[in-house]
1. Could I have the simple spin-label model distance between Val365 and Asn280, label points 7 Å from Cα toward Cβ, reported in nm to one decimal?
2. Compare Thr174, Thr28, Thr111 by solvent-accessible area with a 1.4 Å probe and give them largest first, with all protein chains kept in place.
3. Pull out the extension gain between Glu84 and Val395, defined as 0.36 nm times the separation in residues minus the alpha carbon to alpha carbon distance; nm, one decimal.
4. Could you check the simple spin-label distance between Ser375 and Thr146, using points 7 Å along Cα→Cβ, in nm with one decimal?
5. In nm, give the distance between the simple-model label positions of Thr28 and Ala435, each being 7 Å from the Cα along the Cα-to-Cβ direction.
6. Can you give the extra length, in nm with one decimal, that the chain gains between Glu75 and Asp309 once fully stretched, where that is 0.36 nm per residue apart less the Cα-Cα distance?
7. Between Gln43 and Glu123, what is the FRET efficiency for a Förster distance of 35 Å, r being their Cβ-Cβ separation, to the nearest 0.05?
8. Got a number for the accessible area of Ile31? Probe 1.4 Å, square angstrom, nearest 10.
Amino acid sequence: MDDSNRASSYLDEPANSRLFLVTSKSITEEIIREHFTAFGEIQDIWVVKDKQTKESKGVAFVKFSKSSQACTAMEEMHGRCLAEGTKPIKVFIAQSRSSGSHRDVEDEELTRIFVMIPKSFNEDDLKETFKEYGDIEYAIIIRNKTTGESKGLGYVRFHKPSQAAKAIENCDKTFRAILAEPRTKTASADNDYFSNPRTEPSGNDPGSSSYAFAHESSSYATGDTWNSDIITRCLMVSSRAAVTQEQIYGLFDLIPGMDFCELQIDQYGFSKGQVVVRYNNLGSAVYAKEKLNGFEYPPGNRLSVTYIDDGEDRTSPVGKMAMQLVAAQMMSMVWNGPSGAQLMKTSAGYTAPPVAQKARVQTDVALPPLKKLVSSDSVVKERLFVIFNPSPLPVDVLEDVFCRFGSLMEVYLVPGRNVGYIKYADRKSAHDAIALLHGKVINGVKMKVMLADPPKEESHKRQRTY
């Protein structure tokens, strides 16, 4: 098939049925077909080649007739070698119009399905119905928050993407099973993180789970009680990722004056993804809101912090003036202070002690001591390819971690993607980094560390031997 005709043929029908492969440049279409045919009907294979030299660029696409076939192939072939003397391949579900990046075998978005079910179903019935397709991590029925009655909708999460794909393909069509994907990044509402791609007349309330907070109002309903002109001592902290009360308490208690911290729980015992934090003074609340709204905790998860009613009347002219004065003082501290780590004397009547700084790198891995980076002009002997989940670590943290094996030259993050490259001037240092860090968690981020393509000067030498 000509490259010019591939655009129309490569639309993802069905969704998630196309693989993206990173291979050695010596890998041909025939070799790929030989290894991937066992997983199902292959509709097309495209080895991407340089337009001038016609040489492979070391990437390829494999299109299957079913998404379950593609997912199974990804699970089985990722990290395998297709020919003697070649590097292990990387296999992803290819980027589509509905997904912002290639998805790997550990992508949670590929394992959770949304289904329509009889209202008589309970969680055990839901599990029993779908267990034939694979191991189930959890099953949740969406219920009316007032009556507790089922809305006839539910979520099932499997352990593997192929299991979810098989369930969608093979379950009774009355379930209308689809992948339950999060809302795109263009969603405007801070607290409106998740939705389903279809709308049902049975209700407008989205479902909730222990992994995503419901959009239903809590006992502190922000829509009813918050007035944008009022600054209060009470904050609502919303998180799209699962967080505990202890985690939020530890974060907001860094700012002195916290009265209490309470995780909001629905009537079925699930977290709503919202925590109410109250301070004993207005200054601390303003400072906390300005410093921690949008703060990534855990890394990759942005907290949303808003004011909610604390029951005090600040509508009088004097009350408004006092509120504005405190807010102005605190905002000045937030933006103009040297570090923001210490509260200064405010109308709240106290001075805060210095905030203890946590270590920049937090992990259970026993890391070697720090070593100096080598000159960026050094010869690159090995490059590592790193995949981050849920999001990349800052460059300074990555340098802190990867420099410990010696000969580190540079850390590079690919803009807008959860991947990056690590350059070493010594192969042993790179291999030591892989051995210790692959699959490990640093600052709440899981890293997959593997060999990347060889440096250009070395790849030219290898091409002449192929």
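1. In this crude label model, Val365 to Asn280 measures out at 4.3 nm.
2. From most exposed to least exposed: Thr174, Thr28, Thr111.
3. Going from the current span to full extension adds 108.4 nm.
4. Going by the 7 Å Cα→Cβ label model, 7.4 nm.
5. Result: 3.7 nm between the two label points.
6. Extending this stretch completely gives an extra 79.3 nm.
7. Computed FRET efficiency for Gln43 and Glu123: 0.40.
8. Accessible area, nearest 10 Å²: 40 Å².
The values are calculated or read from the model by the stated rules, or taken from the named source; none is laboratory data. Because the structure is predicted, anything quoted here is derived from the model rather than measured. In this analysis, Cβ positions are derived from the backbone assuming ideal geometry, glycine residues included, and neighbour counts consider all displayed protein chains. SASA here: full protein model, heavy atoms, side chains in, ligands and nucleic acids out. Shrake-Rupley method; radii C 1.70, N 1.55, O 1.52, S 1.80 Å.
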